[in-house]
Amino acid sequence: MLKIVNKGARSDLPFSPAIVAGDMVFVSGQASVGREDGHIINGTFEEEMRRSIENMEAILLAEGLTLDHVINVRCYLARSEDVAEHNRIYAEYFSEPRPTRTTITGVLGTMLKYELDCVAYAPQRRQEAKRD
């Protein structure tokens with residue numbers, strides 16, 4: 001089953017907010033933008049990061065999921081100086097066991113300070129995973 005998700009946070013750019021493919025939910029990159037119209041909302045690194053994660057969370061909630069269903073996250077930071085703050089804030093949103101993660105710095109140019117995307121697994125939360 002494939003399903004396009006157009007709820008939670010939208011953009012006027014040419015991409016779908018998320019696509020459900022079977023048990024997996026692929027959420028497009030979310031940034032510090034208004035949920036209704038996709039306009040960029042500038043702020044401090046912390047403000048932009050929190051808004052980005054909360055936009056992603058809104059899309060997941062539209063599918064009845066939470067951040068606990070996220071199994072993989074890719075994070076993009078404009079400045080490497082923000083890595084320590086990124087790790088601190090990230091830990092507030094993603095509880096143990098945390099998703100797998102890739103973090104790339106020195107990207108995004110000057111328009112954004114932060115962006116992230118994710119893959120979620122709909123049937124289970126990470127906390128229900130079998131552990132080695």
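For ASP132, ASP68, what ranking results if the residue with the fewest other Cβ atoms within 10 Å of its Cβ goes first?
By the 10 Å Cβ count, ascending: ASP132, ASP68.
What share of Cα pairs, in percent, lie more than 14 angstrom apart in the range 13-81?
That fraction is 61 percent.
Taking the Cα centre of the chain as origin and charging only Cβ (+1 Lys, Arg; -1 Asp, Glu), how large is the dipole, in debye to the nearest 20?
Charge dipole, the chain, about its Cα centre: 320 debye, nearest 20.
Using helices alone, I'd like the mean residue ellipticity at 222 nm for the chain: each DSSP H run of four-plus residues gives -39500 (n - 2.57), total over residue count, nearest 500.
The helix contribution divided over the chain gives -7000 deg cm²/dmol.
Report, please, the projected area of the chain averaged over directions, based on the convex hull of its C-alpha atoms, in nm².
8.0
Using +1 at the Cβ of each Lys and Arg and -1 at the Cβ of each Asp and Glu in the chain, identify which of ILE40, GLN127, TYR76 lies farthest towards the dipole's positive end.
GLN127
Taking loop as defined by DSSP and a crowding limit of 15 other beta carbons within 10 Å, which trypsin sites (Lys or Arg not before Pro) in the range 61-105 fit?
For trypsin sites (Lys or Arg not before Pro) across the range 61-105 that sit outside H, G, I, E and B with at most 15 neighbouring Cβ atoms in 10 Å, the list reads ARG79.
Only the coordinates and a few stated rules stand behind these numbers; no lab work does. None of these values were measured; they are calculated from a predicted model. Here Cβ is always computed from backbone atoms with ideal geometry, including for glycine, and neighbour counts include all displayed protein chains.
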